[in-house]
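*Asks:* Got a structure for you, questions after.
The values are calculated or read from the model by the stated rules, or taken from the named source; none is laboratory data. It should be emphasised that the depicted structure is a prediction, and the values quoted were computed from it without experimental measurement. Glycine also receives a Cβ, built like all others from the backbone with ideal geometry; neighbour counts cover every protein chain displayed. These accessible areas exclude ligands, DNA and RNA; they are computed on the full protein's heavy atoms, side chains included. Shrake-Rupley method; radii C 1.70, N 1.55, O 1.52, S 1.80 Å.
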Amino acid sequence: MLEVTGIRKTFFAGTPNEVRALQGVDLKIEPGSWVNVIGTNGSGKSTLLNAVAGAFYVDEGRIRLDGTDITRWPEHRRAKLIGRVFQDPFSGTAPTMTIAENLALASRRGQVRGLTFALKGPRKNELRDRVAAMGLGLENRLDNPIGTLSGGQRQSLTLLMSALIRPSLLLLDEHTAALDPKSADQVIRLTQQFIERDQLTTLMVTHSMPQAAFLGDRVIMMDRGRVVHDISGPDKKRLRPEDLLSKFEELRRANQLDESAAEMLRAQYV
Amino acid sequence: MSLLIGSLTIGLILSLLAFGILISFRVVAFEDLTVDGSLALGGAAAASLIVADWNPIAATLLGALAGATAGAVTATLHHRFDINRLLAGILVMTALYSVNLRVMGKSNVPLLSHPTVMSYADGLASTLFGDQRLISVSVWEAPGRDIAALLLMFAVAVCAGVVLFLFFRTNLGLAMLAIGDNSRMIRALGVNVGLMTTLALFIGNGLIGLAGALLAQYQGFADVQMGIGMLVWGVASVILGESLVRSKKIGLLITGAVMGSVLFRLLVAIALRWGLNPNDLKLITAVAVFVALVLPKFLSHGSRVVRRPSRA
Ligand SMILES: Nc1ncnc2c1ncn2[C@@H]1O[C@H](COP(=O)(O)OP(=O)(O)O)[C@@H](O)[C@H]1O
Ligand SMILES: [Mg+2]
C-alpha cells in the first residue's frame, strides 16, 4: 500500500527557471491495485514517480509504503520495495552484460550482494525458466550481451527484472512509448500477466488512452502538478478512451480560459 | 636477453597498475587521477617498512593497503563532498607527494642491503637452477635470478588476474561491473553507487599500490618521483590490451591488460634501444595515448576506455 500525502517539489526554486512540478499531491493506493496516470506533457507524472522512487527528496509532504515512512530514504534503499521500468528501453538494462548477468543483478534487488557466485548452476536454470515463461524465445540467448537485443526485447526483460522478486510497488513510466506498436503490445501483455499473477500494486504512467481506459482499476489525471481527476470503481469499468480525451479537452479549455483571463487582467492593470 | 627479461618483468608488475586503471576507468567509469600518487605511496610505504626490518611480504601488502586507502579517499571526496572527480583525484595525488616524502623521510630509499620479495626470487633460482649462475634459454643466456624474478612476477600477475576475474562473477563484482555500464539501472536495483564506487577505487588503487611496492623492490629503491606518468602508462596499456582482445568481456579485458602492459613495455624498451631519448618518453607515451583515443572516433569503432557514452 502506497500513501502519498501533500507532496510538493519545486525545481530551481527562487530562480527565473523555477518549475513547480508537484504542487500538493495526495494519493492512496490499496494493495494489489493498479493505477494508471495520464496527463499532458510536463504535468508532473514522471516527477511523481521519481518522488516515490526517491530520485530526489520532496520539499514537503510524506511518502509511506507498506506502512513505513520512506520520505527520507535514499533511492537505493527504496529499491528494496520498488520495481521500476523507464520509458527509454536503454535505461533498464546494462548493455555490455549478458541477459543472465542482468537477471542475476535483478534477482538481488535491494539485498546484500556478497562474494557468492552470481550464476551458479541452479540459479541460472531458475532464471532460464523465468525467461522461458515470457515466451519470447530469449532463454536460448542468456549469454548474449543484452545490448544486442531489440528495444522491445530489452523492455520485456526490464519488466521481468523489475518483478523478479515481488516488489511492494511497481512503477512504470510510459514504458511502451518508445516501442513500435507490435513490441508495445507484447510488453503491455506481459505487464498485465505479471501484475495479475502476483497481484502487484502498480502505478503506471501512460500516453495511450486505450491502455488507461481498459487496463487497471483506477485512472488519475494530472495537470500542473496536481491530481485533477480520479476515476475508480464502476466509473472506471465503464470508462472509454473517448471519455478521457474529452477530459483532456475540458482541461485545455479551462487552461485557455485561465490564460485569457490572465491576459485580460494584465491588459487592464499592468 | 637481460633487457628482454627485465622488460617482461616490469611489464608484468605494471599489469597490476593496468588492472587498477581498468577497474576505475572502465568498470566503474570513474576518471581517477590518484594513480601517480597511490603507486608511489605503495612503493614508499613498502620500502620504509622493509628498511624498518619488516617481513617483505607484510610490507608489500601494507603498501597495497596504503594505495587502496588513497583511492577510497578520492572516491569519498567525490561522493561525500561533491568534488568533481578529476579534481578529487588531483587533490589526493598532490597531497600524496608530501605524504610520500613524510613516509620515507627523504626522497629516495635504497633497498639493496635488505631482504625484499626479490630475495624469494634468489631462493627460487637456487631451487630451480642450483649453482648455475647463467641459464641458457634457447640460444641466449640469462642470469637465473632474473628468470626467477620473471616467473615470480608472472605468478603474481596471473594470480591477481584470476582473483579479479572470479570476483567479477560474484554478486558483488557483478554489481560493480554494472555501474560503468548503467548506473541509473543499478541504483534502481538497490545498489549504493557511491559506496560501490568507493570500494572499486579501493581495490583499484590497492592493486596500483601493490604495483608500486613490487616495482620498488624490483628496482632496488623507492623514489618520490616513481609515480610520475604512471596514469598515462596504465591507460596506454589498457587501451592497447583492449585493441588486442577486441571484446568488452571482463575476462578478456583482464587478459588484455596484462598483454597490453607487457607489450607496451617491450615497445618502449625497443624504442630506447634504437636510441630514443628517455627524456622524450613521456611525451611520446602521451601522444600515443592521444592517438589511441582519437583514432577510434575516426574509424568509428574500437576502444571506448576513457569515454563511455553515458545513459543517465
Ligand atoms: N530533474 C528535474 N530537474 C528540473 N526540472 C524537472 C526535473 N524533472 C522534471 N522537471 C520539470 O518538471 C515538470 C514536470 O515534468 P515531468 O514530471 O517529467 O512531466 P511529465 O508529466 O511529462 O512526465 C516539467 O516542467 C519538467 O521540465
Ligand atoms: Mg514523463
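*Asks:* According to the square roots a ≥ b ≥ c of the eigenvalues of the Cα gyration tensor, what is the shape class of region A:118-199, taking rounded for a/c under 1.5, prolate for a/b larger than b/c otherwise, and oblate for the remainder?
*Replies:* It comes out oblate by the Cα gyration axes.
*Asks:* A follow-up question, please. Over 27 Å between Cα atoms: which of A:Lys28/A:Lys124; A:Lys45/A:Lys247; A:Lys28/A:Lys237 fall into that group?
*Replies:* Correct reply: A:Lys28/A:Lys124.
*Asks:* So which helices of chain B fit the span-like rule, where a helix is a whole DSSP H run, its Cα atoms reach 30 Å or more along the axis, and its mean Kyte-Doolittle is at least -1.0?
*Replies:* Helices passing the filter in chain B: B:56-81, B:144-167, B:193-219, B:250-273.
*Asks:* I would also like to ask the following. Got a sec to turn the phi values of region A:92-99 into Karplus ³J(HN,Hα) couplings, 6.51 cos²θ - 1.76 cosθ + 1.60 with θ = phi - 60°, whole Hz, x for Gly and Pro?
*Replies:* x, 9, 8, x, 7, 8, 6, 4
*Asks:* Give the value in nm², to one decimal: projected area of the alpha carbon convex hull of region B:2-226, averaged over all directions.
*Replies:* It is 13.3 nm².
*Asks:* Next question, about the same structure. Specify the angular offset, from 0 to 90 degrees and rounded to the nearest 10, of the alpha carbon long axis of helix A:181-198 from the longest principal axis of the alpha carbons in chain A.
*Replies:* Compared with the principal axis, the helix lies near 80 degrees.
*Asks:* For A:Leu119, what charge total do you get from the other residues with a beta carbon under 10 Å from its beta carbon, if Lys and Arg give +1 and Asp and Glu give -1?
*Replies:* Residues near A:Leu119 contribute +2 overall.
*Asks:* Same structure, new question: Order the peptides B:158-171, B:27-40, A:237-250 from the highest to the lowest mean number of other Cβ atoms within 10 Å of their residues.
*Replies:* For the peptides B:158-171, B:27-40, A:237-250, the packing ranking is B:27-40, B:158-171, A:237-250.
*Asks:* Could you size up the charge dipole of region B:2-226 around its Cα centre, putting +1 on the beta carbon of Lys and Arg and -1 on that of Asp and Glu, and report it in debye to the nearest 20?
*Replies:* 540
*Asks:* So, one more: With n ≥ 4 as the cut-off for DSSP H runs, can you work out [θ] at 222 nm for chain B, using -39500 (n - 2.57) per run divided by the number of residues, rounded to the nearest 500?
*Replies:* Calculated at 222 nm, the ellipticity per residue is -24500 deg cm²/dmol.
*Asks:* Could you please state how large a percent of the accessible area of the protein assembly as shown is carbon and sulfur, counting protein chains only and using a 1.4 Å probe?
*Replies:* With neighbouring chains kept in place, the figure for the protein assembly as shown is 59 percent.
*Asks:* What distance in nm lies between label points placed 7 Å from Cα along the C-beta direction at B:Leu266 and B:Ser247?
*Replies:* 2.0
*Asks:* I've got another one for you. Give the interface area between chains B and A as buried accessible surface, both sides summed, probe 1.4 Å, in Å² to the nearest 100.
*Replies:* Summing both sides, the interface buries roughly 2400 Å².
*Asks:* On average, how many beta carbons from a partner chain sit within 10 Å of the beta carbon of a residue in B:166-173?
*Replies:* Partner Cβ neighbours, averaged per residue: 6.
*Asks:* Additional query: Only bridges with both residues in chain A count here: give the DSSP antiparallel percent, nearest 5.
*Replies:* Antiparallel bridges: around 55 percent, rounded to the nearest 5.
*Asks:* Then there's this: Helix A:241-269 sits at what angle to the longest principal axis of chain A, using alpha carbons and giving 0 to 90 degrees rounded to 10?
*Replies:* Rounded to the nearest ten degrees, it is 40.
*Asks:* For region A:85-228, give me the percentage of DSSP beta bridges that are antiparallel, rounded to the nearest 5 percent.
*Replies:* Beta bridges within region A:85-228, antiparallel portion: roughly 40 percent.
*Asks:* Applying 1/(1 + (r/R0)^6) with R0 = 45 Å to the Cβ-Cβ distance of A:Glu3 and B:Leu295, what FRET efficiency is obtained, to the nearest 0.05?
*Replies:* E between A:Glu3 and B:Leu295, to the nearest 0.05, is 0.20.
*Asks:* Sorting check: for A:153-161, A:183-191, which peptide has the highest mean count of neighbouring beta carbons within 10 Å, and how do the rest follow?
*Replies:* A:153-161, A:183-191
*Asks:* Output the relative contact order of chain A, whole-number percent, from Cα pairs under 8 angstrom with separation of 6+ residues.
*Replies:* 25
*Asks:* Please give the average number of partner chain Cβ atoms lying within 10 Å of the Cβ of each residue in A:117-126, rounded to a whole number.
*Replies:* Mean number of neighbouring Cβ atoms from other chains: 2.
*Asks:* Right, another one. Using the Cα centre of the protein assembly as shown as the reference point, and only Cβ charges (+1 on K/R, -1 on D/E), how large is the resulting charge dipole? Debye, rounded to the nearest 20.
*Replies:* For the protein assembly as shown, the charge dipole is close to 460 debye.
*Asks:* Excluding same-chain residues fewer than 8 positions from A:Lys120, which aspartates and glutamates have a Cα within less than 19 Å of its Cα?
*Replies:* List returned: A:Glu101, A:Asp129, A:Glu139, A:Asp143.
*Asks:* Based on the mean of other Cβ atoms within 10 Å per residue, sort peptides A:120-127, A:166-173, B:274-281 so the most packed one is first.
*Replies:* The peptides rank, most packed first, as A:166-173, A:120-127, B:274-281.
*Asks:* Where nothing but the Cβ of Lys and Arg (+1) and of Asp and Glu (-1) is charged, how large is the charge dipole of region A:120-169 around its Cα centre, in debye to the nearest 20?
*Replies:* Computed charge dipole of region A:120-169: roughly 140 debye.
*Asks:* Under the definition of partner shielding as Cβ atoms of other protein chains within 10 Å of a residue Cβ, what is the mean value for peptide A:73-80?
*Replies:* Per residue, the average neighbour count from other chains is 4.
*Asks:* Can you give the net charge of the other residues whose Cβ lies under 15 Å from the Cβ of A:Thr10, counting K and R as +1 and D and E as -1?
*Replies:* For residues surrounding A:Thr10, the net value is +2.
*Asks:* In whole angstrom, and with the biggest value first, how far do the Cα coordinates of chain A range along each principal axis?
*Replies:* Dimensions of chain A along the principal axes of its Cα atoms: 76, 38, 34 Å.
*Asks:* Hey, another quick one. Give me the distance between the Cα centres of region B:199-266 and region B:71-99, rounded to whole Å.
*Replies:* 20
*Asks:* Which listed residue (B:Met185, B:Val35, B:Ala200) has the Cα farthest towards the positive end of the charge dipole for region B:2-226, taking +1 on Lys and Arg C-beta and -1 on Asp and Glu C-beta about the Cα centre?
*Replies:* Towards the positive end, the residue furthest out is B:Met185.
*Asks:* Considering Cα pairs under 8 angstrom that are at least six residues apart, work out the relative contact order of chain B and quote it in whole percent.
*Replies:* 35
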